[in-house]
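The values are calculated or read from the model by the stated rules, or taken from the named source; none is laboratory data. Owing to the predicted nature of the structure, the values given are computational and were not obtained by experimental measurement. A quick note on method: Cβ atoms are made from the backbone with ideal geometry, for glycine too, and the neighbour counts reach across all protein chains shown.
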Amino acid sequence: MDMNPIETLIAIAEIATALAGFSGVVVVFGSRSQGSWNPGDRLRLNFLLEASLTAGGFALLTLLALNITQREGLTWVTTGSLWSVYMAYSLYSSHRRINQNLQAHDDIDKVSNQIVSLAFVIMILLQVVNALLWQAFAPLLAALIVNLAGAALQFTRLIRSAFHD
């Protein structure tokens, strides 16, 4: 079965928009609507928005590049490389923010953070291999799906913490 990259990218952008929109739902749970967010939840909301907007933004950027270049291989390599640079910075920035907030809350799951970081490092390396060897859509798709999965995990964690004392 052949996958239509354009339809897939549009679907990713739609899912990313929905996940970002659900962040508004999170705000109304519990005492958050009165402004009493704990530092961990603020960080998670930030990560949810960043992950969903990254997936949606890069899906749209890829669609734009496809329309401009009409060369699929070049598009997959270019947007995958840009995604890699952005995610390397994002990982660095995220680790700094997490480390700055370690004393402010005690509910950081270090093992989960390491697993997520490893998944993104693998996706970054996959983009490098794709640029050098394959020039295919699948590695970029995998990277965007990891962003969506990260956003969904943050949403789940925020909902769970809203009902936790």
**OP:** Looking only at region 19-26, decide whether some residue is at pLDDT below 85 and exposed (fewer than 14 other Cβ atoms within 10 Å of the Cβ).
**Re:** yes
Subject >> Criterion: loosely packed, with under 13 Cβ neighbours inside 10 Å, within 18 Å of the chain's Cα centre (by Cα) and modelled with pLDDT of 95 or more - qualifying residue of Val85, Val121 >> reply: Val85
**OP:** Give the residue, chosen from Ala59, Ala88, that is within 19 Å of Ala149 (Cα to Cα), of a type in the set (A, V, I, L, M) and touching a Leu at 6+ places or on another chain (Cβ under 6 Å).
**Re:** Ala59
Subject >> region 127-160: number of residues that are farther than 23 Å from Ile15 by Cα and either touching a residue at least 60 places away in the same chain (Cβ under 8 Å) or hydrophobic (A, V, I, L, M, F, W, C) (or both) >> reply: 7
Original post:
Hey, Gly30 hits all of (1) modelled with pLDDT under 95; (2) at negative phi but one; which does it fall short on?
Top reply: (2)
**OP:** Give the residue that is farthest from Ala143 (Cα to Cα), with candidates limited to residues of region 42-81 that are among the charged types (D, E, K, R), in contact (Cβ under 8 Å) with a residue 12 or more places away in the chain and surrounded by fewer than 22 Cβ atoms within 10 Å (Cβ to Cβ).
**Re:** Glu72
Original post:
Is it the case that Asn101 is in contact with a helix residue (DSSP H, G or I) (Cβ under 7 Å, 6 or more places away or on another chain), surrounded by fewer than 17 Cβ atoms within 10 Å (Cβ to Cβ) and not hydroxyl-bearing (Ser, Thr, Tyr)?
Top reply: yes
**OP:** Could you grab me the full set of residues in region 91-126 that are more than 22 Å from Thr8 (Cα to Cα), among the β-branched types (Val, Ile, Thr) and in contact with a Leu (Cβ under 9 Å, 6 or more places away or on another chain)?
**Re:** Ile98, Ile108, Val116, Val121
